[in-house]
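The values are calculated or read from the model by the stated rules, or taken from the named source; none is laboratory data. What you see is a predicted model, and the numbers here were worked out from it, not measured in a lab. When we count neighbours, we look across all protein chains shown, and the Cβ atoms used for this are built from the backbone with ideal geometry, even at glycine. In case anyone asks, the SASA skips ligands and DNA or RNA and just uses the protein heavy atoms, side chains included. Shrake-Rupley method; radii C 1.70, N 1.55, O 1.52, S 1.80 Å.
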Amino acid sequence: MSLSVAVAEAAERSRDRAGVPLVPAWMFPRSRLNKLLDDADRLVTVVCAPTGAGKTSGVAAWAAETSSAAGTVWLNVGHAGSEPDLVWRRLRRGLHDAGERRLPPAPVAPAGSSARVDALIELGEALHGGGPWTVVLDGFPTGASSQLGSDLEILLDHAGRSLRLVLLSRAEPALPLHRYSAAGELARLTDRDLVMDDVEIAGVLRLANVATDRSVVAAVAAHTSGWACGVRRAAVDLVDAADLTSAMQETDGAIEDFLTREVLTAMTPSVRRLLLWTSVVERVPAGVVRAVLGADSRRAVDEALAGTGLVQQSPDGLLSCHPLLRSAARAQLELEQPDRGRARRRRAVRWFADHGAADAAVELSAATQDWAGVASILVQAQAVPRVMAGTADLALRRAAERHEVQAEEPLVRAAVALSRADPLTAEAALANALASPRQESPAQLVAMAFLQLGIARLSGRPVPDADLVPRTRGLLAQADPTPSDGIADLSILLDAYAGAAHLMSGQVEHAAATLTRGAGHLSVACHPSAGDCSGQLALLDAYRGNLREAARRASVLLAGAAGEPRAWVAHAHVALAWVHVERGDYSQAAARLGRLESSGAGSREPWLFLAGQVVEARTLIDSGRPDEALRLAGSWPTALEGGAPSEWLVGQATSVSAEALLALGESQQALALVTSGLAAGSPDRAVLTAEARRRIGDLRGAGAALVSAADELRRAPRGTQVRAWLLEARLVHERGELDRSILLLERALRVASAEGLRRPLAGDGPWLQWLLPRDGTCLRQYLPFVQSLRGVPAAEPSGSSLLTVSTESLLEPLTERETQVLRLVAQMCSTDEIAAELYVSPNTVKTHVKGILRKYGVSRRVDAVRRGRELGSC
């Protein structure tokens with residue numbers, strides 16, 4: 001039936017529907033609410049909802065429906081209408097008007113007297129067996145049970161099921177409901193049942209002749225939270241406004257104005273301030289209520305609950321505001337004078353901060369422009385490390401980025417600078433904080449420690465204080481465990497930055513252990529700090545030669561990132577590029593670096609930047625462009641910011657430069673660079689020195705270099721180990737120690753083939769290809785792997801000349817550069833002419849000539865040319 005017909009029928013049948021309000025013309029039939037009221041056929045039905053939720057109009061529409069019980073009496077007992085004697089006189093008159101003629105006089109005796117009880121019993125018995133009647137008491141008083149509640153209890157006991165009571169109230173009604181609840185005779189409808197859904201919102205809009213497409217209905221639902229009063233206002237605004245946006249702005253303003261004037265202003269100043277200050281959270285703990293209202297908090301809250309119903313309190317003391325009232329209070333908070341109720345507001349702020357709600361404490365302080373308070377909360381709530389790492393909540397990051405907050409606290413300024421990859425500004429701010437006289441709390445000490453680690457990571461410098469990391473772990477262990485997950489989060493974050501710091505100090509194994517511990521938490525909802533640890537560990541594994549593990553970890557990280565700009569994406573991309581280079585897949589390495597650049601996931605972190613440059617340089621070297629690699633390596637010092645990088649980082653750059661010089665044939669320059677640029681006793685220095693001295697012809701010096709770093713080589717990256725074993729194998733092979741040579745070769749090939757390490761073997765590919773078929777047993781299994789090396793032919797060179805030469809007369813084949821030199825010697829070119837032709841120094845030419853003479857077992861150039869012609873080399 002249409003709404004207009006329902007109203008007309010209600011007017012005609014007023015004899016059995018006494019006092020039922022007329023349903024407003026804009027009220028859309030709420031079949032969902034009608035069904036709930038019909039199904040709740042209990043002695044007592046409570047409809048408890050806040051102001052404007054549509055209690056009266058919704059229940060009135062239900063009462064006007066022909067499907068509802070015929071006998072309905074409606075009394076508005078709000079305001080002063082709840083005086084018991086007045087209620088009974090009005091109820092008797094309403095029942096009489098609705099058709100009930102056999103009624104005794106209304107109770108008039110004093111409360112609690114036997115005469116009053118007898119009168120109520122007589123009235124109940126008169127109704128028993130008749131009706132049935134539905135009595136709606138609109139605006140029923142709330143709070144503790146009253147005289148009216150006691151009277152109603154007696155009436156219900158004696159009327160049997162002939163009387164049904166429907167109570168409309170803003171909060172818990174003043175009636176002892178526990179009896180009816182225990183007996184299964186109580187039904188409750190709350191504000192959730194009165195919230196208008198999309199169908200009902202669309203119906204209200206259609207009655208106002210408003211277009212009801214999905215976007216309009218969704219906008220109204222979002223701006224009104226389905227609050228009936230707000231939906232009606234939105235329908236009016238949509239009729240008059242030019243567009244949806246302006247209409248919703250009008251609606252928001254009207255709702256805010258109504259709730260401010262009719263609700264917030266009517267509250268006591270203390271409760272109003274409580275609602276304003278706690279509007280930064282959805283639920284207000286009982287501790288905050290007590291901190292703001294003091295000992296009288298219970299009575300003050302009860303008054304607020306009774307006033308509108310827009311404030312609810314759960315049994316455990318938690319308060320919650322209707323979202324629209326909370327929004328109105330939040331808007332008023334912006335207008336609050338900072339000095340009003342300062343002491344109580346600070347108590348609320350401190351409670352939030354001490355109980356793990358730092359975002360609420362920060363928002364409340366920021367709303368009242370207490371910037372010093374915001375800065376203090378950020379430090380004490382351990383937000384500085386999270387801001388630095390970019391893992392802090394959005395509200396905390398925004399607060400930290402305000403210049404007013406940074407002006408109050410240099411530690412916050414340093415954290416924001418590090419989040420923007422600006423270590424120089426961060427270092428200056430930290431120095432300012434260290435110089436300022438103040439009592440340093442544990443939280444401040446933790447913040448300073450994390451900032452030092454962050455500066456070290458972004459500048460590439462080692463941390464000067466060796467005890468910084470263990471001391472910080474001790475501070476975290478002593479920290480307040482509330483909330484415990486926050487301390488755990490900081491512990492993982494410390495692993496990420498401590499791992500980077502260990503690496504800058506050259507403590508590779510220590511860094512790996514620390515990062516492994518932090519990466520173990522990655523399965524917990526993709527923890528960002530654990531992802532950082534795992535990304536760094538993937539790159540570190542690639543550097544250490546654990547190529548399979550590095551590729552697995554990096555692939556998992558990239559799959560989990562799913563296109564999001566995760567911080568660890570850059571590490572994963574560079575790790576995979578490093579793996580490709582070590583395996584000889586140079587096109588894949590270049591493609592991976594290109595993908596990194598296109599994804600925008602790059603970082604100004606020195607180690608990450610340098611690792612990408614190492615990959616690019618080694619690709620150039622192994623692609624026959626060592627001069628370009630050397631030029632690229634020369635640009636690294638100017639690209640690294642934040643002062644002088646650590647010795648370990650410099651060593652990585654020096655090693656690649658030396659590799660490029662060796663590839664250019666500049667062995668003397670490579671040796672000089674290694675001697676001056678790498679730490680004595682380091683594995684890289686030993687291997688590169690041995691390589692350079694061997695090419696110069698100083699075989700004894702090459703062997704001595706390897707022996708000097710034998711202990712350190714055990715902990716060196718696999719690529720460095722493989723190169724060292726190959727060099728030593730060639731040296732002892734040339735001395736005739738074949739068993740020792742085979743042992744070293746088997747060790748190198750076993751490790752290299754297991755991980756797919758091809759780059760460390762590439763320079764020795766021709767020699768290995770020549771040697772392996774001549775071995776009796778153990779090395780032949782590695783021949784397919786050796787044949788996969790870049791530049792190595794799939795089979796032995798053919799030709800009778802090679803077959804006619806005994807293995808004793810040919811120790812090993814010439815390198816590509818030595819072959820070029822031999823061909824020019826065969827053309828009768830002088831040393832200077834050969835140097836000019838090949839763009840190398842005369843000393844380098846002499847070194848290559850010595851190598852040719854040694855490999856061919858001759859002492860003169862003419863004999864070397866003759867032997868080369870026999871072998872087809874020139």
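Exactly one of these conditions fails for Leu378: (1) out of contact with any Ser or Thr (no Cβ under 7 Å at 6 or more places or on another chain); (2) without any contact (Cβ under 8 Å) to a residue 24 or more places away in the chain; (3) open to solvent by less than 20 Å² (accessible area, probe 1.4 Å); (4) assigned to a helix (DSSP H, G or I). Give me its number.
Of (1) out of contact with any Ser or Thr (no Cβ under 7 Å at 6 or more places or on another chain); (2) without any contact (Cβ under 8 Å) to a residue 24 or more places away in the chain; (3) open to solvent by less than 20 Å² (accessible area, probe 1.4 Å); (4) assigned to a helix (DSSP H, G or I), only one is false for Leu378: (2).
Every residue in region 93-118 that is open to solvent by 20 Å² or more (accessible area, probe 1.4 Å) and not in a loop (DSSP other than H, G, I, E, B), please.
Selection gives Arg93, His96, Asp97, Ser114, Ala115, Val117, Asp118.
Where the second residue is part of a helix (DSSP H, G or I) and of a type in the set (S, T, N, Q) and the first is surrounded by fewer than 13 Cβ atoms within 10 Å (Cβ to Cβ) and lies in region 197-221, which pairs have Cβ atoms under 6 Å and are six or more apart or on separate chains?
none
Could you please tell me which pairs satisfy a Cβ distance under 7 Å, a separation of 6+ or placement on different chains, a first residue in region 430-452 that is open to solvent by 70 Å² or more (accessible area, probe 1.4 Å), and a second residue that is part of a loop (DSSP other than H, G, I, E, B)?
The qualifying pairs are Pro442/Gln478; Pro442/Ala479.
Considering only region 381-393, state which residues are part of a helix (DSSP H, G or I) and closer than 15 Å to Ser365 by Cβ.
Ala383 - this is the single residue of region 381-393 that is part of a helix (DSSP H, G or I) and closer than 15 Å to Ser365 by Cβ.
Suppose we filter region 177-200 for residues that are closer than 30 Å to Ser225 by Cα and hydroxyl-bearing (Ser, Thr, Tyr); how many remain?
Within region 177-200, residues that are closer than 30 Å to Ser225 by Cα and hydroxyl-bearing (Ser, Thr, Tyr) number 2.
If a residue has to be under 29 Å from Arg860 (Cβ atoms), modelled with pLDDT of 70 or more and not charged (D, E, K, R) to count, how many in region 771-829 make the cut?
Looking only at that region, the number is 14.
If I filter region 22-38 for residues that are among the basic types (Lys, Arg), in contact with a strand residue (DSSP E or B) (Cβ under 8 Å, 6 or more places away or on another chain) and at pLDDT 85 or above, do I get at least one hit?
no
Modelled with pLDDT of 75 or more, in contact with a helix residue (DSSP H, G or I) (Cβ under 7 Å, 6 or more places away or on another chain) and farther than 30 Å from Val47 by Cα - does that describe any residue in region 303-325?
no
Determine which single condition Ala395 fails, assuming it passes every other condition in (1) open to solvent by 30 Å² or more (accessible area, probe 1.4 Å); (2) in contact (Cβ under 8 Å) with a residue 12 or more places away in the chain; (3) more than 24 Å from the chain's Cα centre (by Cα).
Answer for Ala395: the failing condition is (3).
If a residue has to be in a loop (DSSP other than H, G, I, E, B), at negative phi and either open to solvent by less than 10 Å² (accessible area, probe 1.4 Å) or not hydrophobic (A, V, I, L, M, F, W, C) (or both) to count, how many in region 54-92 make the cut?
9
Can you tell me which residue in region 454-475 is surrounded by the fewest Cβ atoms within 10 Å (Cβ to Cβ), limited to those that are closer than 20 Å to Val650 by Cα and basic (Lys, Arg)?
Taking the candidates together, the pick is Arg461.
Which one of these is within 22 Å of Gln313 (Cα to Cα) and either open to solvent by 50 Å² or more (accessible area, probe 1.4 Å) or at pLDDT 85 or above (or both): Ser150, Ser162, Ser169, Ser146?
Ser169
Return the pair list, or none, for Cβ contacts closer than 6 Å from residues in region 256-268 that are closer than 20 Å to Arg298 by Cα to residues that are open to solvent by less than 80 Å² (accessible area, probe 1.4 Å) and not hydrophobic (A, V, I, L, M, F, W, C), at least 6 apart or on different chains.
Hits for this filter: Val263/Thr308; Leu264/Arg272.
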